[in-house]
Amino acid sequence: LGGCTANVEVQPIIDSTNSELMRRLQTDAPLYSGSVLVAEMQQAGRGRRGRVWQSPFGANLYFSYFWRLDDSLQAAMGVSIAVGLAVYDTLKALYQLDIELKWPNDIYLNREKLAGVLVELDGQPQGPCQLVIGIGINLHMPESASQHIDQAWTDLSQHVQGLDKNKLVAYLCFYLEKRLAQYQQSGLNDMYLQWNQLNAFAGECVELNTGHRSWRGICEGIDNQGGVRIRQDGEVKSYYGGEISLRKA
Ligand code: ATP
(Lines give C-alpha, C1' and ligand atoms only; values in the text may rest on other atoms or scores of the structure.)
Protein backbone atom coordinates (compact mmCIF):
# COMPACT_ATOMS: atom_id res chain seq x y z
CA LEU A 1 0.00 0.00 0.00
CA GLY A 2 2.90 2.34 -0.72
CA GLY A 3 2.37 6.02 -1.45
CA CYS A 4 -0.99 6.42 0.29
CA THR A 5 -1.17 9.83 1.98
CA ALA A 6 -4.44 9.49 3.94
CA ASN A 7 -4.60 10.78 7.50
CA VAL A 8 -7.14 8.90 9.59
CA GLU A 9 -8.90 10.28 12.67
CA VAL A 10 -11.08 8.01 14.78
CA GLN A 11 -13.98 9.23 16.94
CA PRO A 12 -16.03 6.97 19.20
CA ILE A 13 -19.47 8.54 18.64
CA ILE A 14 -20.58 11.20 16.21
CA ASP A 15 -23.82 12.28 14.56
CA SER A 16 -22.52 11.49 11.07
CA THR A 17 -18.95 11.37 9.76
CA ASN A 18 -20.09 13.15 6.58
CA SER A 19 -21.84 15.90 8.56
CA GLU A 20 -18.72 16.44 10.67
CA LEU A 21 -16.41 16.85 7.65
CA MET A 22 -18.97 19.14 5.95
CA ARG A 23 -19.03 21.28 9.13
CA ARG A 24 -15.24 21.45 9.18
CA LEU A 25 -15.31 22.89 5.67
CA GLN A 26 -17.04 25.94 7.14
CA THR A 27 -14.27 26.53 9.71
CA ASP A 28 -10.71 27.84 9.36
CA ALA A 29 -9.16 24.44 10.10
CA PRO A 30 -7.91 23.29 6.70
CA LEU A 31 -8.86 19.89 5.35
CA TYR A 32 -6.63 18.41 2.72
CA SER A 33 -7.32 15.64 0.26
CA GLY A 34 -7.03 12.33 2.06
CA SER A 35 -8.32 13.53 5.44
CA VAL A 36 -10.39 10.66 6.80
CA LEU A 37 -12.81 10.44 9.69
CA VAL A 38 -13.92 7.07 11.06
CA ALA A 39 -16.44 6.62 13.87
CA GLU A 40 -17.41 3.61 15.97
CA MET A 41 -21.03 4.71 15.93
CA GLN A 42 -23.21 7.30 14.19
CA GLN A 43 -26.21 8.73 15.97
CA ALA A 44 -27.66 10.17 12.77
CA GLY A 45 -26.15 8.13 9.93
CA ARG A 46 -27.64 9.21 6.63
CA GLY A 47 -28.35 7.69 3.23
CA ARG A 48 -29.62 9.67 0.28
CA ARG A 49 -32.59 12.03 0.53
CA GLY A 50 -32.56 11.98 4.33
CA ARG A 51 -32.94 8.22 4.67
CA VAL A 52 -31.46 6.62 7.77
CA TRP A 53 -28.24 4.57 7.60
CA GLN A 54 -28.28 2.10 10.50
CA SER A 55 -25.04 2.72 12.42
CA PRO A 56 -24.90 0.73 15.68
CA PHE A 57 -21.84 0.90 17.94
CA GLY A 58 -18.69 -0.95 16.94
CA ALA A 59 -20.50 -3.16 14.47
CA ASN A 60 -19.72 -1.67 11.10
CA LEU A 61 -17.47 0.78 9.31
CA TYR A 62 -18.53 4.43 9.17
CA PHE A 63 -15.97 6.27 7.09
CA SER A 64 -15.74 9.70 5.40
CA TYR A 65 -12.97 10.84 3.07
CA PHE A 66 -12.30 14.43 2.06
CA TRP A 67 -11.10 15.21 -1.43
CA ARG A 68 -10.62 18.39 -3.48
CA LEU A 69 -11.38 18.09 -7.17
CA ASP A 70 -9.67 20.62 -9.46
CA ASP A 71 -12.82 20.88 -11.47
CA SER A 72 -16.41 22.08 -11.39
CA LEU A 73 -19.41 20.64 -9.54
CA GLN A 74 -20.67 19.36 -12.87
CA ALA A 75 -17.51 17.23 -13.21
CA ALA A 76 -18.08 15.73 -9.75
CA MET A 77 -21.23 13.98 -10.95
CA GLY A 78 -19.56 10.65 -11.63
CA VAL A 79 -17.53 10.47 -8.43
CA SER A 80 -19.78 7.89 -6.75
CA ILE A 81 -19.10 5.57 -9.71
CA ALA A 82 -15.34 5.83 -9.11
CA VAL A 83 -15.92 5.33 -5.36
CA GLY A 84 -17.98 2.17 -6.01
CA LEU A 85 -15.02 0.79 -7.96
CA ALA A 86 -12.65 1.65 -5.09
CA VAL A 87 -14.87 -0.39 -2.74
CA TYR A 88 -14.81 -3.21 -5.30
CA ASP A 89 -10.98 -3.05 -5.50
CA THR A 90 -10.75 -3.14 -1.71
CA LEU A 91 -13.03 -6.11 -1.11
CA LYS A 92 -11.54 -8.04 -4.02
CA ALA A 93 -7.96 -7.46 -2.84
CA LEU A 94 -8.64 -8.24 0.82
CA TYR A 95 -11.27 -10.99 0.65
CA GLN A 96 -11.54 -12.05 -3.02
CA LEU A 97 -15.19 -10.95 -2.95
CA ASP A 98 -17.03 -10.01 -6.13
CA ILE A 99 -19.49 -7.31 -5.22
CA GLU A 100 -22.14 -5.89 -7.55
CA LEU A 101 -22.88 -2.20 -7.97
CA LYS A 102 -26.26 -0.53 -8.20
CA TRP A 103 -26.46 2.86 -9.84
CA PRO A 104 -25.65 5.37 -8.55
CA ASN A 105 -24.15 4.48 -5.18
CA ASP A 106 -25.03 1.12 -3.63
CA ILE A 107 -22.94 -1.97 -3.07
CA TYR A 108 -24.47 -5.44 -3.06
CA LEU A 109 -23.31 -8.96 -2.48
CA ASN A 110 -25.55 -11.71 -3.85
CA ARG A 111 -28.36 -9.17 -4.23
CA GLU A 112 -28.14 -8.05 -0.60
CA LYS A 113 -27.01 -4.59 0.39
CA LEU A 114 -23.56 -4.68 1.96
CA ALA A 115 -22.51 -1.05 1.82
CA GLY A 116 -23.62 2.42 0.82
CA VAL A 117 -21.87 5.48 -0.55
CA LEU A 118 -22.96 9.09 0.01
CA VAL A 119 -21.03 11.79 -1.85
CA GLU A 120 -21.67 15.38 -0.74
CA LEU A 121 -20.32 18.43 -2.52
CA ASP A 122 -19.36 21.95 -1.65
CA GLY A 123 -18.27 24.48 -4.25
CA GLN A 124 -19.20 26.93 -7.01
CA PRO A 125 -20.53 25.93 -10.42
CA GLN A 126 -17.14 27.02 -11.82
CA GLY A 127 -13.80 26.33 -10.15
CA PRO A 128 -12.59 23.61 -7.81
CA CYS A 129 -15.05 21.76 -5.64
CA GLN A 130 -14.72 19.89 -2.38
CA LEU A 131 -16.12 16.47 -1.80
CA VAL A 132 -16.99 14.52 1.30
CA ILE A 133 -17.23 10.85 0.39
CA GLY A 134 -19.09 8.76 2.95
CA ILE A 135 -18.81 4.98 2.88
CA GLY A 136 -20.67 2.67 5.24
CA ILE A 137 -19.75 -1.03 5.12
CA ASN A 138 -21.54 -3.63 7.25
CA LEU A 139 -19.15 -5.86 9.19
CA HIS A 140 -21.16 -7.44 12.04
CA MET A 141 -24.72 -6.15 11.96
CA PRO A 142 -26.52 -6.73 15.27
CA GLU A 143 -30.08 -8.02 15.17
CA SER A 144 -31.38 -4.91 16.96
CA ALA A 145 -30.27 -2.61 14.13
CA SER A 146 -31.04 -4.96 11.25
CA GLN A 147 -34.73 -4.94 12.19
CA HIS A 148 -34.92 -1.36 10.95
CA ILE A 149 -33.56 -2.07 7.48
CA ASP A 150 -36.42 -2.35 5.02
CA GLN A 151 -34.55 -4.17 2.25
CA ALA A 152 -32.36 -7.26 1.88
CA TRP A 153 -28.99 -6.62 3.54
CA THR A 154 -25.85 -8.49 4.42
CA ASP A 155 -22.59 -7.98 6.30
CA LEU A 156 -19.00 -9.09 5.75
CA SER A 157 -19.04 -11.52 8.70
CA GLN A 158 -21.47 -13.71 6.73
CA HIS A 159 -18.95 -14.08 3.90
CA VAL A 160 -15.41 -13.84 5.28
CA GLN A 161 -13.46 -14.80 8.36
CA GLY A 162 -10.84 -12.80 10.22
CA LEU A 163 -12.20 -9.31 9.60
CA ASP A 164 -9.78 -6.56 10.46
CA LYS A 165 -11.33 -3.09 10.47
CA ASN A 166 -7.95 -1.27 10.50
CA LYS A 167 -6.79 -3.17 7.45
CA LEU A 168 -10.09 -2.47 5.73
CA VAL A 169 -9.65 1.27 6.33
CA ALA A 170 -6.06 1.20 5.05
CA TYR A 171 -7.03 -0.61 1.82
CA LEU A 172 -10.02 1.65 1.29
CA CYS A 173 -7.82 4.77 1.59
CA PHE A 174 -5.31 3.29 -0.83
CA TYR A 175 -7.84 2.40 -3.52
CA LEU A 176 -9.85 5.60 -3.09
CA GLU A 177 -6.72 7.64 -3.67
CA LYS A 178 -5.96 5.62 -6.79
CA ARG A 179 -9.47 5.78 -8.26
CA LEU A 180 -9.93 9.47 -7.48
CA ALA A 181 -6.60 10.33 -9.13
CA GLN A 182 -7.74 8.35 -12.14
CA TYR A 183 -11.04 10.24 -12.10
CA GLN A 184 -9.27 13.59 -11.87
CA GLN A 185 -7.16 12.68 -14.86
CA SER A 186 -9.63 11.13 -17.27
CA GLY A 187 -13.11 11.18 -15.73
CA LEU A 188 -14.92 7.87 -16.15
CA ASN A 189 -13.42 7.13 -19.56
CA ASP A 190 -11.29 4.31 -18.21
CA MET A 191 -13.79 3.20 -15.58
CA TYR A 192 -17.33 3.06 -16.91
CA LEU A 193 -16.86 -0.20 -18.84
CA GLN A 194 -15.50 -1.91 -15.75
CA TRP A 195 -18.43 -0.57 -13.72
CA ASN A 196 -20.79 -2.05 -16.33
CA GLN A 197 -19.30 -5.47 -15.75
CA LEU A 198 -20.26 -5.19 -12.08
CA ASN A 199 -23.74 -3.76 -12.71
CA ALA A 200 -26.17 -5.61 -10.42
CA PHE A 201 -29.09 -5.05 -12.82
CA ALA A 202 -27.48 -5.49 -16.24
CA GLY A 203 -30.17 -6.26 -18.84
CA GLU A 204 -32.92 -6.38 -16.21
CA CYS A 205 -36.19 -4.52 -15.97
CA VAL A 206 -35.88 -1.76 -13.36
CA GLU A 207 -38.06 0.95 -11.94
CA LEU A 208 -36.76 4.50 -11.65
CA ASN A 209 -38.28 6.83 -9.13
CA THR A 210 -37.87 10.55 -8.48
CA GLY A 211 -40.25 10.69 -5.54
CA HIS A 212 -42.84 12.35 -7.82
CA ARG A 213 -42.79 10.05 -10.80
CA SER A 214 -41.75 6.50 -11.59
CA TRP A 215 -41.16 4.65 -14.83
CA ARG A 216 -39.73 1.36 -16.02
CA GLY A 217 -37.16 0.21 -18.55
CA ILE A 218 -34.26 -2.13 -19.15
CA CYS A 219 -31.01 -1.18 -17.42
CA GLU A 220 -28.22 -1.03 -20.01
CA GLY A 221 -25.45 0.14 -17.68
CA ILE A 222 -23.89 3.60 -17.43
CA ASP A 223 -22.36 6.01 -19.93
CA ASN A 224 -18.97 7.69 -19.62
CA GLN A 225 -20.52 10.60 -17.68
CA GLY A 226 -21.96 8.30 -15.01
CA GLY A 227 -25.57 8.50 -16.20
CA VAL A 228 -27.63 5.31 -16.17
CA ARG A 229 -28.76 4.13 -19.62
CA ILE A 230 -32.35 2.92 -19.71
CA ARG A 231 -34.02 1.32 -22.72
CA GLN A 232 -37.68 2.16 -23.06
CA ASP A 233 -39.82 1.58 -26.16
CA GLY A 234 -36.76 0.75 -28.23
CA GLU A 235 -34.92 3.95 -27.32
CA VAL A 236 -32.01 4.30 -24.89
CA LYS A 237 -31.88 7.41 -22.72
CA SER A 238 -29.37 8.38 -20.02
CA TYR A 239 -30.49 9.72 -16.65
CA TYR A 240 -28.27 11.74 -14.34
CA GLY A 241 -28.42 13.34 -10.96
CA GLY A 242 -28.80 12.30 -7.38
CA GLU A 243 -32.57 12.46 -7.10
CA ILE A 244 -33.35 9.26 -8.96
CA SER A 245 -33.59 5.89 -7.22
CA LEU A 246 -33.41 2.63 -9.09
CA ARG A 247 -34.96 -0.64 -7.95
CA LYS A 248 -35.58 -3.98 -9.57
CA ALA A 249 -39.05 -3.87 -11.19
P1 ATP B 1 -31.00 4.62 -3.62
O2 ATP B 1 -29.67 5.03 -3.10
O3 ATP B 1 -30.91 3.97 -4.94
O4 ATP B 1 -32.01 5.71 -3.60
P5 ATP B 1 -31.64 3.15 -1.16
O6 ATP B 1 -33.05 3.07 -0.71
O7 ATP B 1 -30.84 1.90 -1.01
O8 ATP B 1 -31.59 3.48 -2.69
P9 ATP B 1 -29.76 4.83 0.38
O10 ATP B 1 -29.99 6.24 0.70
O11 ATP B 1 -28.54 4.47 -0.40
O12 ATP B 1 -31.08 4.36 -0.35
O13 ATP B 1 -29.67 3.99 1.74
C14 ATP B 1 -30.65 4.07 2.72
C15 ATP B 1 -31.46 2.79 2.74
O16 ATP B 1 -30.60 1.66 2.91
C17 ATP B 1 -32.42 2.74 3.91
O18 ATP B 1 -33.66 3.28 3.56
C19 ATP B 1 -32.51 1.22 4.23
O20 ATP B 1 -33.43 0.60 3.39
C21 ATP B 1 -31.14 0.73 3.85
N22 ATP B 1 -30.19 0.67 4.98
C23 ATP B 1 -30.08 1.48 6.08
N24 ATP B 1 -29.03 1.15 6.84
C25 ATP B 1 -28.44 0.09 6.22
C26 ATP B 1 -27.30 -0.71 6.51
N27 ATP B 1 -26.52 -0.49 7.57
N28 ATP B 1 -27.01 -1.71 5.64
C29 ATP B 1 -27.76 -1.96 4.55
N30 ATP B 1 -28.83 -1.22 4.22
C31 ATP B 1 -29.17 -0.21 5.04
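The values are calculated or read from the model by the stated rules, or taken from the named source; none is laboratory data. Keep in mind it's a predicted model, so treat the numbers as computed, not measured. Quick reminder, even Gly has a Cβ in these numbers, built from the backbone with ideal geometry, and neighbours come from all protein chains shown.
Some points to look at:
- Only one of the numbered conditions (1) modelled with pLDDT of 95 or more; (2) of a type in the set (S, T, N, Q); (3) in contact with an Asp or Glu (Cβ under 9 Å, 6 or more places away or on another chain) is violated by GLN184, and that is (1).
- Flag if LEU168 is out of contact with any Leu (no Cβ under 9 Å at 6 or more places or on another chain), under 18 Å from ASP89 (Cβ atoms), assigned to a helix (DSSP H, G or I) and modelled with pLDDT of 95 or more: no
- Test: residue in segment 211-220 that is within 24 Å of GLU120 (Cβ to Cβ), touching a strand residue (DSSP E or B) at 6+ places or on another chain (Cβ under 9 Å), modelled with pLDDT of 95 or more and surrounded by 13 or more Cβ atoms within 10 Å (Cβ to Cβ): no
Yes/no matrix, rows are residues, columns are (1) charged (D, E, K, R); (2) under 15 Å from the mean Cα position of the chain (by Cα); (3) on the phi < 0 side of the Ramachandran plot:
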position: GLY58; (1), (2), (3): no, no, no
position: LEU69; (1), (2), (3): no, no, yes
position: GLY84; (1), (2), (3): no, yes, yes
position: ASP89; (1), (2), (3): yes, yes, yes
position: ARG111; (1), (2), (3): yes, no, no
position: PRO125; (1), (2), (3): no, no, yes
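- Number of the condition not met by ASN18 [criteria: (1) under 16 Å from the mean Cα position of the chain (by Cα); (2) more than 16 Å from the ligand (Cβ to nearest atom); (3) in a helix (DSSP H, G or I); (4) modelled with pLDDT of 95 or more]: (2)
- Among the conditions (1) among the small types (Gly, Ala, Ser); (2) in contact with a helix residue (DSSP H, G or I) (Cβ under 9 Å, 6 or more places away or on another chain); (3) in a loop (DSSP other than H, G, I, E, B), ALA115 misses just one, which is (3).
- Counting only strands (runs of 3 or more DSSP E) that fall entirely inside segment 188-248 and contain at least 1 residues that are aromatic (Phe, Trp, Tyr), the qualifying elements are 214-222, 235-239.
- Of all residue pairs spaced 6 or more apart or on separate chains, those with beta-carbon atoms under 7 Å, a first member in segment 188-202 that is in contact (Cβ under 8 Å) with a residue 40 or more places away in the chain and a second member that is loosely packed, with under 14 Cβ neighbours inside 10 Å are PHE201/LYS248.
- Between GLN161, GLN130, GLN126, the distinction of being among the polar types (S, T, N, Q), more than 13 Å from the ligand (Cβ to nearest atom) and assigned to a strand (DSSP E or B) belongs to GLN130 only.
- Taken together, ALA29, ALA86, ALA75, ALA39 contain a single residue that is surrounded by fewer than 23 Cβ atoms within 10 Å (Cβ to Cβ) and touching a residue at least 24 places away in the same chain (Cβ under 8 Å), which is ALA75.
- Residues that are under 16 Å from GLU40 (Cα atoms) and either buried (at least 18 other Cβ atoms within 10 Å of the Cβ) or within 10 Å of the ligand (Cβ to nearest atom) (or both), drawn from segment 140-154: MET141, ALA145
- Segment 21-67, residues that are touching an Asp or Glu at 6+ places or on another chain (Cβ under 7 Å), among the aliphatic types (A, V, I, L, M) and within 14 Å of the ligand (Cβ to nearest atom): ALA44
- In segment 1-15, residue nearest to VAL38 (Cα to Cα) [restricted to those that are modelled with pLDDT under 95 and over 19 Å from the mean Cα position of the chain (by Cα)]: ASN7
- Within segment 224-249, tally of residues that are closer than 23 Å to TYR183 by Cα, among the charged types (D, E, K, R) and surrounded by fewer than 17 Cβ atoms within 10 Å (Cβ to Cβ): 1
- Restricting attention to segment 230-245, the residues that are charged (D, E, K, R) and either within 16 Å of the ligand (Cβ to nearest atom) or touching a residue at least 24 places away in the same chain (Cβ under 8 Å) (or both) add up to 1.
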